[in-house]
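Have a look at the structure below before the remarks.
Any read-out appearing in this document is the output of simple, stated calculations on the displayed coordinates, not a laboratory observation. Everything numeric in this text was worked out from a predicted model, so none of it was measured. Note: ideal-geometry Cβ built from the backbone for every residue, glycine included; neighbour counts use all protein chains shown.
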Amino acid sequence: MTTAVETVLDTPLTIDGRTFQSRLMVGTGKYPDMDTMTRAIEASGAEVVTVAVRRVNLDRSKETSVLHFLDPKRVFLLANTAGCYTAADAIRYARLAREAGFNDFVKLEVIGDEETLMPDVQGLLEAAKVLVQEGFKVLAYTNEDLVTALRLEDAGCAAVMPLASPIGSGLGLLNPLSVRTIKRRLHVPVIVDAGVGTASDACVTMEQGVDGILMNTAIAAAQDPVAMAHAMRLATIAGRAAYLAGRMPRREIAMPSSPTRGMLD
Amino acid sequence: MKQLVEVVVNGERKQLAQGATLLEVLAELELDPRAVVVEHNRRIVRRPGLGDVKVAAGDAIELVHFVGGG
């Protein structure tokens, strides 16, 4: 069967030599239960799935490892450094994540403010440099600032991940111009991470021409996460297809679609 | 009887047998060494080395794994 998206030639998303089938990446946090999570990931069609590094619960009655519910052969595990407020902490978490033995990719987060969860761009750059030096493929979660994005690319990051809006806010893409500018100026993939609330947000984000999108709460906190994951899958594909199709120019005055000639007297 | 030493595992004080290896510590905690990453006094100890590193009084051990996150 031919689907609309196949009528447009697209190249797959490749990050540092690794090719991914889906431009939608999803998180694994905040789901009501693990069964819903696995079904939502399946419905999203995502290949890249993020996970966090945390202490093992020493009370073995409470099994919390997400790996009991994810098959690392079917999904690509992208560990994050969420919750880290210093470069040193983020580096420590990244090293621990790599030691788990799945891959050397890391979604680097260095948070600078508890209320907004805005990134500490100075700490981010510092950590990115160290981790790149150690052979990590760094996907850096950052704000929508072009200069920071350029510096992260210069530091050797494999991808730059500007936010759409604050983590978990569901406010959608607040600054499309800045995200478009980042995409236009960078050579490494640009993947928008955080802030999407519903399918239209994902679609509008992908319409900016970015290479991918990562979300967690928009799916996990939806009333029906599996159904929302399906919607996000379609929205990501639709937004990408619309970007490739090239939208019509915006006009501030109307232009009739039907001929103005041939009207009756 | 083996002498016990106090170490801190994941922020909790634990009494462990003096000279126990990290591999033995994991066994005592009923943790699969393949399912956790071990940090001993801020240094990562790789799986093949777990049987070689012995705990001493005052050690700080972190045992981590992957949990759900975004």
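Expressed as a whole number of Å, what is the distance separating the alpha-carbon centroids of region A:7-82 and chain B?
27
For region A:113-123, take each phi angle, set θ = phi - 60°, evaluate the Karplus expression 6.51 cos²θ - 1.76 cosθ + 1.60, and give the result in whole Hz per residue in order, putting x for glycine and proline.
Each residue's phi maps through the Karplus curve to give 8, 5, 6, 9, 6, 5, x, 8, 5, 5, x Hz.
Under 5 Å between amide hydrogens, which residues at least 5 positions from A:LEU13 or on another chain qualify, with H placed 1.01 Å from N in the peptide plane?
Long-range HN contacts for A:LEU13: A:PHE20.
Report, by chain and number, residues whose modeled amide H sits under 5 Å from the one on A:LEU78, excluding near sequence neighbours (fewer than 5 apart, same chain).
Here A:VAL49, A:THR50, A:VAL51 satisfy the definition.
When only Cα pairs under 8 Å and 6 or more residues apart are kept, what is the percent relative contact order across region A:89-190?
This gives 22 percent for region A:89-190.
Please identify, among A:MET118, A:MET37, A:MET255, the residue showing maximal mean-square fluctuation in a Gaussian network model of chain A using a 10 angstrom Cα cutoff.
A:MET255
For A:LYS137, which aspartates and glutamates qualify as cross-link partners when the Cα separation must be under 13 Å and same-chain residues fewer than eight apart are set aside?
Straight-line reach from A:LYS137, under 13 Å: A:ASP16, A:ASP104, A:GLU153.
Let me have the 222 nm mean residue ellipticity of chain A computed from DSSP H runs of 4+ only, each contributing -39500 (n - 2.57), with the sum over all residues rounded to the nearest 500.
My calculation for chain A gives -10500 deg cm²/dmol from helical runs alone.
Please give every one of the lysines within straight-line cross-link reach of B:LYS14, meaning a C-alpha to C-alpha distance under 18 Å, and leave out same-chain neighbours fewer than 8 residues apart.
B:LYS2, B:LYS54
With θ taken as phi - 60° and the coefficients 6.51, -1.76 and 1.60, list the Karplus ³J(HN,Hα) couplings across region B:12-25 in order, rounded to whole Hz; mark glycine and proline as x.
9, 6, 9, 9, 10, 5, 4, x, 5, 7, 4, 5, 5, 4
Going by amide H atoms built from the backbone, whose H comes under 5 Å of the H on A:PHE105, apart from near neighbours?
Excluding prolines and chain starts, which carry no amide H, the hits are A:LYS137.
Of the candidates A:ASN143, A:ASN57, A:ASN80, which one comes out as most mobile in a Gaussian network treatment of chain A with C-alpha springs shorter than 10 Å?
A:ASN57
Using a Debye calculation, one point per C-alpha and no hydration shell, please list log10 I(q)/I(0) for region A:100-193 at q = 0.17, 0.19, 0.25 Å⁻¹ in order.
-0.68, -0.83, -1.31
How would you classify region A:184-234 from its alpha-carbon gyration tensor, with a ≥ b ≥ c the square roots of the eigenvalues: rounded for a/c under 1.5, else prolate if a/b is greater than b/c, otherwise oblate?
prolate
If you wrap a convex hull around the C-alpha atoms of region B:31-70 and split its volume per residue, what is the figure in Å³?
93
Taking the Kirkwood radius as the inverse of the mean 1/r across Cα pairs, report the Rg/Rh of the protein assembly as shown.
Taking Rh as the inverse mean 1/r over Cα pairs, Rg/Rh reads 1.08.
Which ³J(HN,Hα) values, rounded to whole Hz and listed in residue order, are derived for region A:133-138 from phi using the Karplus coefficients 6.51, -1.76 and 1.60 in 6.51 cos²θ - 1.76 cosθ + 1.60 with θ = phi - 60°, glycine and proline given as x?
Each residue of region A:133-138 in turn: 4, 8, x, 6, 9, 9 Hz.
If packing is taken as the mean number of other Cβ atoms within 10 Å per residue, what is the order of A:27-34, B:14-21, highest first?
Highest to lowest by the protection proxy: A:27-34, B:14-21.
Using the count of nearby Cβ atoms within 10 Å as a rough guide to exposure, how do B:GLU6, B:GLU39, A:GLU144 rank from fewest to most?
Least to most surrounded, the residues fall as B:GLU6, B:GLU39, A:GLU144.
What number, in percent, do you get for the relative contact order of chain A if the mean sequence gap of Cα pairs under 8 Å and at least 6 apart is divided by its residue count?
19
Exceeding 21 Å between C-alpha atoms, which entries from my cross-link table qualify? They are A:LYS30/A:LYS73; A:LYS107/A:LYS183; A:LYS107/A:LYS129; A:LYS30/A:LYS183.
Violating the 21 Å Cα-Cα cut-off are A:LYS30/A:LYS73; A:LYS30/A:LYS183.
To the nearest µm²/s, what D does Stokes-Einstein give for region A:32-166 at 10 °C and 1.306 mPa s, using the Kirkwood radius over alpha carbon pairs as Rh?
101
Go ahead and set up a Gaussian network model of chain A, Cα springs under 10 Å, then flag whichever of A:PRO72, A:PRO176, A:PRO166 fluctuates most.
Largest GNM mean-square fluctuation: A:PRO72.
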